[in-house]
Ligand SMILES: Cc1cc2nc3c(=O)[nH]c(=O)nc-3n(C[C@H](O)[C@H](O)[C@H](O)COP(=O)(O)OP(=O)(O)OC[C@H]3O[C@@H](n4cnc5c(N)ncnc54)[C@H](O)[C@@H]3O)c2cc1C
């Protein structure tokens, strides 16, 4: 199908872009990988589309004060392939590399993916495990929210009408931490039936830090703090991992659709959590 007619704006500054989206009626265009199909299907019928791609400063990646600051327009391919990201935040690079196919990764952006908040998207699992910060700009100023606050529900975020995602920041991974992103993908699209991101550290033979982020299972991504607590302080052996991973779906309402039932998704979550933890522990220290 062909999209309904719309006005097309190409602001040259962030201020101009914020002005154009201020009343909340326009749709922002980044990579277009989610928005354009929605417009063609007429599931989105915006009267105005504001293309962010000429706004300077939204496509940089820089390290400062122990964090990586990644502009909203940085593409999945740039995250997957930039040496600074691969070295400083291998978990995010791995999540980016697992997205869709090469065409989608060439055009799709980090900011577009987080703003879209598809419950099966890959980044949210990594961003929850990384305790990422999402920097949001609006006409009245800027604010930064944690990933845990940002991802509210299916296709729902903490963004208010008229606000844009401008940057995502993640910690530079400490030397010796082990990380892994493991997903069971829906074969036609690559989206996660379930995806689990794990970060661990070991000290004196014990797990001293564990962070687990989950996508695909429920309406929104989440940090599995119960799994983290069960693993912390253990030796991180096979039994410890299986026992901790068993708790990953507890208290969550698992999604059920044509791709997987709720029970099967919960089962996948336990299996992929154990896999991610084992892989992360295998490289920790
Ligand atoms: C065939 C196919 C396979 C895919 N497979 C996967 C997969 O395996 N894993 C996965 O995670 N994703 C997958 N995707 C989705 C892909 O990652 C998209 O790139 C992503 O969801 C949206 O990013 P975008 O830059 O294209 O955003 P757009 O499509 O341009 O925008 C998406 C939404 O976000 C809003 N938006 C965009 N940028 C901003 C911003 N800076 N601030 C506020 N709002 C903004 C737009 O208004 C729109 O509502 C797939 C997509 C396709 C088409």
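Where strands (runs of 3 or more DSSP E) sit wholly within segment 95-153, none has at least 3 residues that are outside the structural domain of residue 73 (by TED's automatic domain parsing).
Can you say whether residue 35 is under 18 Å from the mean Cα position of the chain (by Cα), modelled with pLDDT of 95 or more and under 24 Å from residue 171 (Cα atoms), as far as the supplied structure shows? Criteria not met by residue 35. Somewhere in segment 69-78, is a residue within 29 Å of residue 262 (Cα to Cα) and more than 10 Å from the ligand (Cβ to nearest atom)? The answer is no, given that none of the residues of segment 69-78 is within 29 Å of residue 262 (Cα to Cα) and more than 10 Å from the ligand (Cβ to nearest atom). Scanning segment 91-117 for residues that are closer than 21 Å to residue 219 by Cβ and near the ligand (Cβ under 6 Å from one of its atoms) turns up 99, 112, 113, 115, 116. What about residue 88, is it more than 8 Å from the ligand (Cβ to nearest atom), surrounded by fewer than 17 Cβ atoms within 10 Å (Cβ to Cβ) and farther than 17 Å from residue 165 by Cβ? Considered against the rule, which asks whether it is more than 8 Å from the ligand (Cβ to nearest atom), surrounded by fewer than 17 Cβ atoms within 10 Å (Cβ to Cβ) and farther than 17 Å from residue 165 by Cβ, residue 88 comes out as no. Here residue 194 qualifies as at pLDDT 95 or above and either within 16 Å of the ligand (Cβ to nearest atom) or within 30 Å of residue 265 (Cβ to Cβ) (or both). For the residues 92, 68, the requirement of being at pLDDT 95 or above and more than 14 Å from the chain's Cα centre (by Cα) singles out 68.
Annotation: of all residues in segment 170-189 being farther than 19 Å from residue 266 by Cα and surrounded by fewer than 19 Cβ atoms within 10 Å (Cβ to Cβ), the one that is nearest to the ligand (Cβ to nearest atom) is 189. Pairing each residue of segment 63-75 that is closer than 16 Å to residue 86 by Cβ and in the same structural domain as residue 102 (by TED's automatic domain parsing) with any residue that is more than 9 Å from the ligand (Cβ to nearest atom) and in a loop (DSSP other than H, G, I, E, B), provided the two are 6+ apart or on different chains, yields C-beta distances under 6 Å for 68/89; 74/59. Inside segment 154-169, residues that are assigned to a loop (DSSP other than H, G, I, E, B) and away from the ligand (no atom under 12 Å from the Cβ) make up a count of 1. Of all residues in segment 190-221, those that are surrounded by fewer than 24 Cβ atoms within 10 Å (Cβ to Cβ) and either without any contact (Cβ under 8 Å) to a residue 60 or more places away in the chain or not in a strand (DSSP E or B) (or both) total 11.
The values are calculated or read from the model by the stated rules, or taken from the named source; none is laboratory data. Because the structure is a prediction, the values reported are computed rather than measured. Glycine also receives a Cβ, built like all others from the backbone with ideal geometry; neighbour counts cover every protein chain displayed.
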